[in-house]
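Have a look at the structure below, then the notes.
The values are calculated or read from the model by the stated rules, or taken from the named source; none is laboratory data. Every value quoted in this text rests on a predicted model; they were computed, and no experiment measured them. Here the Cβ positions follow ideal geometry from the backbone for every residue, glycine too, while neighbour counts run over all protein chains shown.
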Amino acid sequence: MPRPKPNPRQRTRPHLFTGRLRVAIACFLLFLWSWALDPVSLPASRWQAANQPAFQAASFEGIIGQGVLLGIFGGFRSIMADFAWLRSYIHWGRHDRASCETFMRTATALDPGNILFWTGAIDRIGYDMPRWEIDEREHGGQLQVDKAVQAQITREHVERALNLAAQGAKQHPQHASDFWMRSGHLCRLKLRNYEQAALFFKRAAEGDPPLWFASLSYVNALCELGREVEARLWLREEIKRRQARNTPDPQDILGILKERLEELEKQRFNLSLPPTL
Amino acid sequence: MNREALQRVASLATNTFTEALRQRFFAFLMLLGVMLALSGILLRTFNFGTSELKFLADFGFGGVFLFGSILAVVMTVQLFFSELESRTALTLLARPVRRWEFFIGKFFGIQILLAVFIAVLIGVLGALLAMRSWELGREALRLGMPEPWFSTHGLLVFAFLQCLRLAIVSALTLFVCSFARTFLYAVVVSAMATLACQLQGIGDAALAQNKQETLLHLFVENCGRVIPDLQVFDLGAPLVLQREGLPATVVLGVIGYGLLYIPVLLLLGIWLFRDREI
C-alpha cells in the first residue's frame, strides 16, 4: 500500500502562534518594552530637548526636506547649517522671502551655537523683508502701497524677528543683551515704538553682562518719549551701580555716561525744573 | 547555556567576522568613512564662525553613523541571507548547532566588524582633532587667545555609545531577517526602520505639540513605540567638545537603554527564527 504523500505545509509540531501573528505579537512586545524603558532614556531625551534645538519639533516646522534629515542623521550639522546659510544668501539676492527665511531657520535649528545665524536672520527678517514685500506689491500693479498696509506688513515681519531674537537670547544667555539691543533698535527704527524700544534697551542695559551703550540708548529713548526726568534719575542710579561694581573701564564708559548725565542736568536748568527732580 | 554552546557561538561569530572582512563592501565603506573624516580638513574653511574642531568632529560623527548604519543593515542582511541562500545554514543546523546559537553567532560576528569600523574611524577622527588642536593651540598661544580643547575620554565614551547604537541597528535588522523572505525586503525594511528610529524623538515631539484626542492620533503616537529611539545616542558634541561634559545620569541612561533594548530584540528575533522554514 503506497504511503500517503506528506503535506509540506503540515507542521511537525503544533504552534500556538504562526506566521504574521507571531510578528505582530513580537511587535507588540517591543512596544511594551519601549514603554518600560522610557524612564531609562528620559534623562537623555530631556537633556537633548533642553540643550539641542535641532531635536525640538518647533525648530523643524516648515524646514523638513531642506537637508535637515541628513543634518540630524547623527552628524553633519555644521556643514548642513553652513549650506543652508549659503542658500539663504542666494534667496536673499532674489528677494525670495519664504525661501530665505526657511533656510535661515534651518541654519539656526541645525547649528544654534553660531550667533551669526541668529543675528543675520533677525536683521534680514526685520529690516529687509518688509521692504521687499512692499516693493513686490508696488511692482505688482499697486502704484503706491497704502501707509497703513505698509505699517501692517512691517509690524508682521518685525514681530517674527522679535520672536527669533527671544529664541536667540534663550539659546545664547551670555549674549542675551545683544539680542535685546537688536530688538530695541527694530522697535525704534521700524515700528517707531519708542515705549517698547525703551523696554528692550533697559533689559540690555541691566542684563548680565550689561551693554554700556544700551544705557545711553535707553536714556535717549526715554527722552524721545518726553520722559527726561525719568531718564536723568535712572542714569544717575546707573552710574552709581557701575561705580559700585568697580569693574575695569579702559574705554572710560563711565565718563561717557557722566557726560550724558551732565547734558541732561543742563536741560533741567533750561526747563527750570525744581532741583529735587 | 553550556561551554560547548558558547564555543559554537564563538566560532560562528569568528566565521561571520572573517567572511565579512573578505567582502569588498566593507572595505569600500571603511574607505569612504575615512575619506569623509579626512575631507573635513579640506572643507573646514567653509564655515560661518563655527569652531574648527567642532566642524571636524561633526563631520566625523556624521560619517560614523551614516556609514555605520549602512554597514550594519546591509552586512547583517547579506551575511544572514547568504547562509540561507547557499544552503550552508541547513548543513550547519543539521549539526548540533541550535538556531539561537546561529542567530547569536551572526550577531556577535557583526558586532566585531562594527567595532573595528568604529575604532578605525574614531582613531582617524581623534588623530585629526589632536593634530588640529595642537596647531591651533600654538597659534592661540601666540595671539594670547584661549586654547582650543577636545576630550579624548569623551571621544572614547562616544565610540562606545556608537557601538551600542549600531548594535541596536544590527539587532533590529536581524529581527527583520528572522521573518523576511527576501534579501531586498529585509534591507528596505531595516533601512526604513533605522531612519524612523533616528527620527522618532522629533516625531514624538511634533505629535505632542499638535495633540489631538482622536483615535488616529493615538495610533500614530504609539506606532513609534515599536522601534527604539536612536536619537538619544546623539551626544557627540557635548561629550567631546564641552569642557563641562554631560551629567553622568544622561550617559548612564543611554548606556542602560542600549544594553536593555538589544537582548529583547535578539530574544524576539530568536523566537521568530525558531520555527522559520529555511
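Just name the residue that is surrounded by the fewest Cβ atoms within 10 Å (Cβ to Cβ) out of those in segment B:243-266 that are more than 9 Å from chain A (Cβ to nearest Cβ) and either closer than 28 Å to B:F80 by Cβ or in contact (Cβ under 8 Å) with a residue 40 or more places away in the chain (or both).
Looking at residues that are more than 9 Å from chain A (Cβ to nearest Cβ) and either closer than 28 Å to B:F80 by Cβ or in contact (Cβ under 8 Å) with a residue 40 or more places away in the chain (or both), I get B:R243.
Condition check ((1) farther than 21 Å from A:A81 by Cβ; (2) at pLDDT 90 or above) across all residues:
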{"position": "A:G120", "(1), (2)": "no, yes"}
{"position": "A:D146", "(1), (2)": "yes, no"}
{"position": "A:A169", "(1), (2)": "no, yes"}
{"position": "A:P173", "(1), (2)": "no, no"}
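May I ask you to verify whether B:S51 is within 14 Å of chain A (Cβ to nearest Cβ), hydroxyl-bearing (S, T, Y), touching a residue at least 12 places away in the same chain (Cβ under 8 Å) and surrounded by fewer than 23 Cβ atoms within 10 Å (Cβ to Cβ)?
Values: within 14 Å of chain A (Cβ to nearest Cβ): yes; hydroxyl-bearing (S, T, Y): yes; touching a residue at least 12 places away in the same chain (Cβ under 8 Å): yes; surrounded by fewer than 23 Cβ atoms within 10 Å (Cβ to Cβ): yes.
Yes.
Determine which single condition A:A148 fails, assuming it passes every other condition in (1) over 30 Å from B:R44 (Cα atoms); (2) touching a helix residue (DSSP H, G or I) at 6+ places or on another chain (Cβ under 9 Å).
All conditions are met except number (2).
Give segment A:175-194 a look and list any residue that's crowded, with 22+ Cβ neighbours inside 10 Å, of a type in the set (F, W, Y) and out of contact with any Gly (no Cβ under 6 Å at 6 or more places or on another chain), or say none.
A:W180
Within segment B:218-237, track down each residue that is over 19 Å from A:C27 (Cα atoms) and not charged (D, E, K, R). Can you show your working first?
From segment B:218-237, those over 19 Å from A:C27 (Cα atoms) are B:231-237; that's our starting set.
Within segment B:218-237, B:Q231, B:V232, B:F233, B:L235, B:G236, B:A237 meet the criteria.
Read through the list (1) within 20 Å of the chain's Cα centre (by Cα); (2) more than 9 Å from every other protein chain (Cβ to nearest Cβ); (3) closer than 30 Å to B:R87 by Cα, then give the number of the only condition that B:L239 fails.
(3)
Report, by residue number, each residue of segment A:248-274 that is of a type in the set (S, T, Y) and modelled with pLDDT of 70 or more.
Across segment A:248-274, there are no qualifying residues.
Quick one: B:Q231 ticks every box in (1) surrounded by fewer than 17 Cβ atoms within 10 Å (Cβ to Cβ); (2) facing another protein chain (nearest Cβ under 7 Å); (3) among the polar types (S, T, N, Q) bar one, so which box is it?
Failing condition for B:Q231: (1).
Just one of (1) farther than 24 Å from B:F107 by Cα; (2) surrounded by 15 or more Cβ atoms within 10 Å (Cβ to Cβ) trips up B:M35, so point out which.
Only one criterion in (1) farther than 24 Å from B:F107 by Cα; (2) surrounded by 15 or more Cβ atoms within 10 Å (Cβ to Cβ) is unmet by B:M35, namely (2).
Sort through B:L156, B:L166, B:L141 and tell me the only one that's modelled with pLDDT of 90 or more, among the hydrophobic types (A, V, I, L, M, F, W, C) and surrounded by fewer than 17 Cβ atoms within 10 Å (Cβ to Cβ).
Testing whether each residue is modelled with pLDDT of 90 or more, among the hydrophobic types (A, V, I, L, M, F, W, C) and surrounded by fewer than 17 Cβ atoms within 10 Å (Cβ to Cβ) leaves just B:L156.
For segment B:56-73, state whether one or more residues are assigned to a helix (DSSP H, G or I), among the acidic types (D, E), farther than 30 Å from A:R87 by Cβ and in contact (Cβ under 8 Å) with a residue 24 or more places away in the chain. Explain how you work it out, then say what you get.
Residues of segment B:56-73 assigned to a helix (DSSP H, G or I): B:56-73.
Still in the list and also among the acidic types (D, E): B:58.
From what is left, the residues that are farther than 30 Å from A:R87 by Cβ are none.
No, every residue in segment B:56-73 fails to be assigned to a helix (DSSP H, G or I), among the acidic types (D, E), farther than 30 Å from A:R87 by Cβ and in contact (Cβ under 8 Å) with a residue 24 or more places away in the chain.
Which of the residues spanning segment B:209-224 are facing chain A (nearest Cβ under 9 Å) and either modelled with pLDDT of 80 or more or more than 24 Å from A:W33 (Cα to Cα) (or both)?
Within segment B:209-224, B:Q209, B:N210 meet the criteria.
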